1. Please express the Cα-Cα pair-distance distribution P(r) of segment A:1-160 as a list of whole percents, one per 5 Å bin, running from 0 to the bin with the greatest distance.
2. Just to check, using Stokes-Einstein with a Kirkwood Rh over alpha carbon pairs, what's the diffusion coefficient of chain B at 20 °C and 1.002 mPa s in µm²/s?
3. Using only the alpha carbons of segment A:209-276, what is the convex hull's orientation-averaged projected area in square nanometres?
4. Could you check what % of the DSSP bridge pairs in the protein assembly as shown are antiparallel, to the nearest 5?
5. Treating only the Cα positions of segment B:1-112 as identical point scatterers, give the base-10 log of I(q)/I(0) from the Debye formula at each q in 0.12, 0.21, 0.23 Å⁻¹.
6. Using a Gaussian network for chain B with springs between C-alpha atoms less than 10 Å apart, which of these wobbles most: B:70, B:156, B:20?
7. Which values of log₁₀ I(q)/I(0), to two decimal places, follow from the Debye formula for segment A:139-283 at q = 0.14 Å⁻¹ with a uniform point scatterer at every Cα?
8. To one decimal place, what Kirkwood hydrodynamic radius in Å is obtained for chain A from all pairs of distinct Cα atoms?
Ligand code: SF4
Ligand SMILES: [Zn+2]
Ligand SMILES: [Zn+2]
């Protein structure tokens, strides 16, 4: 990010942190967590331990980080190098990102920025100005992206509670501050799972690796009776409901599925995974040493806050997580995609000098769509 | 506390209660050195020999003529093994004893209608392996996390959590699966028990069999190095053989052709098959030589393709297999890309 931009964004971030101490707290079991942060145009500082809210707030004010992180893991010595930390366990974490949902709307709100000359093109593999192929994709998020992501969260919550027996009170859903949601599970039973075990858990959630036999399809005899029934629980029940469908259509679909035999059935599983598997990012869930964005902190990719969703259904990230100041600033915007913040539409702008509230200015600067005048 | 009967100790002689029982009955090592006890020493030796061939010692529990001698033969076997001090034999013995206990555990679990019988196997699981097993109608259930911690060691797809019935934090299993899940731990437990035993000196009457054990061990001294760079299908085949389980002919063929293609010789490969239940040295050598092309018509066979292995259920694909068409390519592709 350009120095002149950094100065503005820094000031706005600092103001946010100063005004919103009430949103930013150290998590439980503080002394066992590793903290880390980043500043604009600088590398990551990690392996920190932080005592309490006061120390955290002091760090925010003195360092003014672009991003703040905290481990989901618990360590005996969080501030030692990784090999000496003594890992004790980690909360389960899940990342659902609109980017990974393969939504049709995506093409309408992504574009590319040339790394060599900063030119912005709607799409293509070459920069239309300098011809460079080093293009970086940037995206804004639309309402549809958010409502589809929420649906994935709801599906995830169903599996966590119904299949894994996790209590609602042990689950926390946060807006990630950019294009998705982070889900935390604080449940002692799952905390000690290692990376490989979490990978299998993730596969379960994603409907990954299922064999036809699990759904009652065998190489030898295929009788309808062993196919899943709507009254069953777990994935068999969900397949019965969502794939085989309601009573009227069921007979026909089931007939179709069986008649193809084992190998056709096996091929169908892949389609079904796309359809009903929950689209979490398995790398995040498998990582037991990750430092994960801290709740209440700002996301430097957007200037929006990572914030707890108390009421997921009605949560509107474009208002509820947009908490920066609203004084006007002048910027030069080159933003071919329009977006909405606090119920007001912005853009598209074509290399225009405009005056917008700080939160919108920071949003565009963080995305790479604008520079300070 | 549940009251253990002598039958339980015959089935599970590695339990701590065995020591108490023998002490109460007044047995000690010195006394067992008396020539009168020679048959039990022979029985103990036999128990080890059976174990080293990859078989499981023992018969139906109802047939035990003399339960004390069953228990004593286990204890004396350990004394013999410790005195000989040969890790391979101890490893094979504990594995075989684990498989034996596994049978009884499974049987005890199945007889659950009689609740007093269910108590012991469940307690063994809980105390020795910290797995809380409960029942739900016809099934056994354990927590998802207890399940995952053990099941990820298996490569077979049916052990993936997605291929299990999972409800409310629990995984549903049959008696066989429940016991299968703790096989490794059972083996490890018996092994550690043997390691922990301390034997100051042994009776004169034991010495002959101790030196016989050294001879016995010579047979197993050829060691095949299992490389971590092998693809999962090959690792799995080696593990199956190592456990003394049956590997279908197609699996043996895959293993042999793979290792031959990696430059190993028939001599180096043959010992891998020693644990197979139907092992026959002459036949194995003949087959290996045939595959290697060093006898008969001289056709050299190559390792089957991944597609072929998939259709034979021998494939245990992992992300690292990405894109290869033959196991012999495993591990090569990635380096080529860098
Ligand atoms: S993909 Fe090929 S190499 Fe990998 S496990 Fe399957 S058969 Fe073996
Ligand atoms: Zn350019
Ligand atoms: Zn969208």
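Since every read-out is calculated from the coordinates, none of them should be taken as a lab result. These numbers come from a predicted model, not from an experiment.
1. Calculated P(r), rounded to whole percents: 1, 7, 12, 11, 13, 16, 17, 12, 7, 3, 0.
2. 96
3. For segment A:209-276, averaging the hull's shadow over all directions gives 4.2 nm².
4. Of all bridge pairs located within the protein assembly as shown, approximately 100 percent are antiparallel.
5. Result of the Debye calculation: -0.42, -1.28, -1.48.
6. Of the options given, B:20 has the highest mean-square fluctuation.
7. -0.78
8. 22.9
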